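*Asks:* Please read through the structure below; I'll follow up with questions.
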Amino acid sequence: MEIGTNETLEQLRDAGQDVRQDGAREQFLAFLKPPRLDRRGWALLGGLALAIWLSTGFYKVQPDEQGVVLRFGAWVGTTTSGLHFHLPWPIESVLFPKITQIRQMQLGQADNGALGGAREKQMLTGDENIVEADASLLWQVKDAGQYLFKVADPDTALRIAAESALREVAGRTPIQAMLSDKRREVADETQALLQSVLDREGSGIRVVQVQLSRVDPPSTVIDAFNDVQRARADQERARNEAESYANDILPRARGEAERIRQDAEAYKEQTINLAQGEAQNYTAIYQSYAQAKEVTAWRLYLESVDAILRKSSRVILDSSGRGAMPLAPYLPLSEIKPAPAPAAGGGK
């Protein structure tokens, strides 16, 4: 009797579990079954789904970014920082590349960062010499759309354009200028030329700075080049010394020449004035002679005799008395010397 009762209880328990499982299955299927909506309900549900889909088209561009709008994968526009809208996915999508980040590229190195060969660094200068130059290039994205879609490989294109621009500028510059005072000018010209090439090709890249980090002759000839540079330095020193000597001696020579010229001018003026005075004196004497010949002749004779006698210490007299007039003899007192005094106790 008890065994029959236990079997009945177990059957009832199993039947209850089956009923509960069937009820849970029916409830789950009822939950998955879409509700029965009328036409208005379906319209509200579609409008809600459309609003959610359209809301995914709003996007915000950060200040250090640009928004590149793609329509079915093709670039259709570029937006600046702020809130914008685009047709939601899958029609349009947006990329957000950084544009304020400054990137660096080393010219003279391979793309993987390894040092390039010596021949890759060598370039011909304006005076047909060879130099090895390393340069550092700083750049940033100016137009993200052009940078991503106008150039297939922007980094490689930038490297090739930069090396070409540097070689072109070096080909117009003498080696001495590149090694000394014109290095900054070479870098600036390279930057301007590179930027013009990038803008012409629509690369969307802005060159921030080009800096020459090393400019040297090839290592195989650097000793000979240094000898040449020392010889040029000696030549420049000798030229400077010669110019210094010329700057010192030439002003003195010019001053001496000016002094001689002024002395000559003064002598000329003096000679002319004396000649003019003598000519005027002769003219005056001639006019006097023309008016009174005998008086003028006698005066000239006396003046001549007076001038001669002033220079003579002896006078010769004409004893015959046939001169122009009798001359009185005179005693040359300047030639009379006193007689020596007799010695004391001497004889007669």
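*Asks:* For Ala231 and Tyr301 in one chain, what is 0.36 nm times their gap in residues minus the Cα-Cα distance, to one decimal in nm? Provide the component values of the computation, followed by the final result.
*Replies:* Numbers: separation 70, 0.36 × 70 = 25.20 nm, distance 8.29 nm.
Roughly 16.9 nm would be gained on extension.
*Asks:* Among the listed pairs Lys268/Lys293; Lys60/Lys142; Lys142/Lys182, which have their C-alpha atoms separated by more than 31 angstrom in this model?
*Replies:* As for pairs spanning more than 31 Å Cα to Cα, those are Lys268/Lys293.
*Asks:* Given the options Tyr147, Ala133, Gln229, identify the residue whose Cα lies farthest towards the positive end of the charge dipole of region 125-250 (+1 on Cβ of Lys, Arg; -1 on Cβ of Asp, Glu).
*Replies:* Tyr147
*Asks:* Let me ask you something else. Stretched out fully, how many nm does the piece from Ile130 to Arg252 gain, at 0.36 nm a residue minus the Cα gap? Numbers along the way, then the final one.
*Replies:* Numbers: separation 122, 0.36 × 122 = 43.92 nm, distance 4.64 nm.
Taking 0.36 nm per residue and subtracting the Cα distance, the gain is 39.3 nm.
*Asks:* Taking other Cβ within 10 Å of each residue's Cβ, how do Thr173, Thr78, Thr100 sort, fewest first?
*Replies:* Details: Thr173 18, Thr78 21, Thr100 11.
Final ranking by Cβ density, sparse to dense: Thr100, Thr173, Thr78.
*Asks:* A follow-up question, please. Taking neighbour Cβ counts within 10 Å as the exposure measure, how do Lys268, Lys150 sort from fewest upward?
*Replies:* Working: Lys268 10, Lys150 15.
Ascending number of Cβ neighbours within 10 Å: Lys268, Lys150.
*Asks:* Please work out the Cα center distance from region 66-94 to region 140-193, rounded to the nearest Å.
*Replies:* 32 Å
*Asks:* Could you give the length gained by full extension between Gln276 and Arg39, i.e. 0.36 nm per residue of separation minus their alpha carbon distance, to one decimal place?
*Replies:* On the way: separation 237, 0.36 × 237 = 85.32 nm, distance 14.00 nm.
Here the answer is 71.3 nm.
*Asks:* Can I ask one more? Can you pull the one-decimal nm distance between simple spin-label points at Arg200 and Lys182, each 7 Å off the Cα toward Cβ?
*Replies:* Once both label points are built, they end up 2.2 nm from each other.
*Asks:* If you don't mind, another one. Taking neighbour counts of Cβ atoms within 10 Å as a proxy for exposure, in what order, fewest first, do Asp199, Asp64, Asp306 appear?
*Replies:* The fewest-first ordering by Cβ neighbours comes to Asp306, Asp64, Asp199.
*Asks:* Please list log₁₀ I(q)/I(0) at q = 0.10, 0.21 Å⁻¹ for region 103-217, using the Debye equation with identical point scatterers on the alpha-carbon positions.
*Replies:* Computed log10 I(q)/I(0) values: -0.28, -1.12.
*Asks:* Using a Förster distance of 41 Å, how high is the FRET efficiency between Arg167 and Ser81, based on the Cβ-Cβ distance and rounded to 0.05?
*Replies:* Working: r = 38 Å, r/R0 = 0.94.
Computed FRET efficiency for Arg167 and Ser81: 0.60.
FYI, it's all coordinate maths here, none of it is from the lab. This structure is a prediction, so every number in the text was calculated from the model and none was measured. For neighbour counting, all protein chains shown are included, and Cβ atoms are generated from backbone atoms with ideal geometry for every residue, glycine included.
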